[in-house]
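Taking it in order: structure first as structure tokens, then the write-up.
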Ligand code: URA
């Protein structure tokens, strides 16, 4: 079963408070999400494998470490996922970025894929699917399914805030996918918003309230 990791670093928790606050305007909200994207990228890459290489410092020959293993791919779910990508790329600039766009069919309420563009070397990458909010889990489940059908074998999911309902849905549908979050909130309300949450992440990022 996929594991859930809560990033409780004080800087992440501090910034998340201002992200949640309804008094925080679009500019500051976007900056904070970007910063938390960087901090979460730092945490999620803790277990990346390293290998030793020989280099020459200005003083002498030395053995030192560089990243080994598969290359990374980031996949924001459109549109709110985009808000976290630049922050993540500041720490892992060599990562390639794919995009998956989904909308919810008003009749069936099921996510429908309208856009997918991924790096061509899918099998050779470890993917991090990113969306600030894991609410019902519908979009995350569908996006990860979409990545898997195209050949991805190593996938993690990262978000700012998760509802217990979304975590359960994602664990159930993709037990091989670990989930990385900054906060696990109380529940979903009748409109599908996470409580207490932060409102609509996309609207707050792009000023479309
Ligand atoms: N998507 C959001 O942006 N916010 C929520 O609370 C739930 C889903």
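Here are some notes:
- Evaluation of residue 105 against the conditions (1) over 19 Å from residue 178 (Cα atoms); (2) in contact with a strand residue (DSSP E or B) (Cβ under 7 Å, 6 or more places away or on another chain); (3) at pLDDT 95 or above shows that the sole unmet condition is (3).
- Given (1) closer than 20 Å to residue 100 by Cα; (2) touching a residue at least 12 places away in the same chain (Cβ under 8 Å); (3) more than 10 Å from the ligand (Cβ to nearest atom), index of the condition residue 133 fails: (3)
- Contacts under 6 angstrom Cβ, first residue in segment 194-208 being under 12 Å from residue 133 (Cα atoms), partner part of a loop (DSSP other than H, G, I, E, B) and near the ligand (Cβ under 7 Å from one of its atoms), 6 or more apart: 194/135; 201/80; 201/132; 202/80
Yes or no, residue by residue, for (1) within 24 Å of residue 5 (Cβ to Cβ); (2) away from the ligand (no atom under 14 Å from the Cβ); (3) surrounded by 13 or more Cβ atoms within 10 Å (Cβ to Cβ):
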position: 117; (1), (2), (3): no, yes, no
position: 121; (1), (2), (3): no, yes, no
position: 154; (1), (2), (3): yes, yes, yes
position: 166; (1), (2), (3): yes, no, yes
position: 198; (1), (2), (3): yes, no, yes
position: 202; (1), (2), (3): no, no, yes
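Residue-by-condition table, conditions (1) more than 13 Å from the chain's Cα centre (by Cα); (2) within 20 Å of residue 203 (Cα to Cα); (3) outside any loop (DSSP other than H, G, I, E, B):
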residue	(1), (2), (3)
59	yes, no, no
64	yes, no, yes
119	yes, no, no
128	no, no, yes
139	no, yes, yes
147	yes, no, yes
157	no, no, yes
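- The set of residues in segment 68-94 that are more than 12 Å from the chain's Cα centre (by Cα), in contact (Cβ under 8 Å) with a residue 12 or more places away in the chain and part of a loop (DSSP other than H, G, I, E, B) comprises 68, 69, 70, 79, 92, 94.
- Hits in segment 183-196 - residues which are within 10 Å of the ligand (Cβ to nearest atom) and outside any loop (DSSP other than H, G, I, E, B): 188, 194, 195
- Test: residue 180 is without any contact (Cβ under 8 Å) to a residue 24 or more places away in the chain and assigned to a strand (DSSP E or B): no
- Scanning segment 159-177 for residues that are in contact with a strand residue (DSSP E or B) (Cβ under 6 Å, 6 or more places away or on another chain) and in a loop (DSSP other than H, G, I, E, B), we see that the one that is nearest to residue 26 (Cα to Cα) is 163.
- Segment 18-45, residues that are under 19 Å from residue 183 (Cβ atoms) and loosely packed, with under 12 Cβ neighbours inside 10 Å: 22, 23
The values are calculated or read from the model by the stated rules, or taken from the named source; none is laboratory data. Treat the numbers as computed from the prediction; the structure is a model and nothing was measured. Glycine also receives a Cβ, built like all others from the backbone with ideal geometry; neighbour counts cover every protein chain displayed.
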